[in-house]
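The values are calculated or read from the model by the stated rules, or taken from the named source; none is laboratory data. In this text the structure is predicted, and so the values were computed from the model without any measurement. Neighbour counts are summed over all protein chains in view; Cβ atoms, including those assigned to glycine, are modelled from backbone coordinates with ideal geometry.
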């Protein structure tokens, strides 16, 4: 079975659709559709477009160009947001700890704030870890994943690149906007 066939089957199963349901939606027999999933038949271009729409996956995913399916992408976004919140909590805690150096401020009030920030940071760290594990547990089940030879560390490093690109696009947008 080809990677394409495996991924079409995988995407259909994620959607909890039967072969018969998908076959009806692409206007072909169940046997004809089954042949696509087993690799005995290649879909026409129009069938491929319909499959992409029905199964809500990119053609890049189906042909193996991308490792991430749409669910994996959503789970990674969840992880990225949890990590952003954790980083923000760390910065808040560091800020509040630095405030202790100013003796004029009410120390008891600042200590209370630091305890709150520490609790928030601990919760954010737990959510980040849970979100990452949800993503990773999903992505390793994607057909063809083992061919990419990537581990947990790879995905954690990807976040840094993701964040850099997000910041770059944000700044480029505002530069373009100011030039109007």
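Going residue by residue through region 147-162, is there one that turns out to be within 24 Å of residue 15 (Cβ to Cβ), modelled with pLDDT under 80 and out of contact with any strand residue (DSSP E or B) (no Cβ under 8 Å at 6 or more places or on another chain)?
yes
Residue 141 versus (1) assigned to a helix (DSSP H, G or I); (2) modelled with pLDDT of 85 or more; (3) surrounded by fewer than 14 Cβ atoms within 10 Å (Cβ to Cβ): which is the lone unmet condition?
(1)
Looking at region 120-138, which of the residues that are within 17 Å of residue 73 (Cα to Cα) and surrounded by 14 or more Cβ atoms within 10 Å (Cβ to Cβ) is nearest to the chain's Cα centre (by Cα)?
Selected residue: 135.
If you take just the helices (runs of 4 or more DSSP H) that sit entirely in region 34-104, which of them hold at least 2 residues that are touching a residue at least 60 places away in the same chain (Cβ under 8 Å) and surrounded by 14 or more Cβ atoms within 10 Å (Cβ to Cβ)?
Correct list: 70-99.
Suppose the filter is more than 29 Å from residue 159 (Cβ to Cβ), over 25 Å from the mean Cα position of the chain (by Cα) and in a loop (DSSP other than H, G, I, E, B); does residue 28 pass it?
yes
What about residue 116, is it more than 19 Å from residue 6 (Cβ to Cβ), assigned to a helix (DSSP H, G or I), modelled with pLDDT of 90 or more and in contact with a helix residue (DSSP H, G or I) (Cβ under 9 Å, 6 or more places away or on another chain)?
It is false that residue 116 is more than 19 Å from residue 6 (Cβ to Cβ), assigned to a helix (DSSP H, G or I), modelled with pLDDT of 90 or more and in contact with a helix residue (DSSP H, G or I) (Cβ under 9 Å, 6 or more places away or on another chain).
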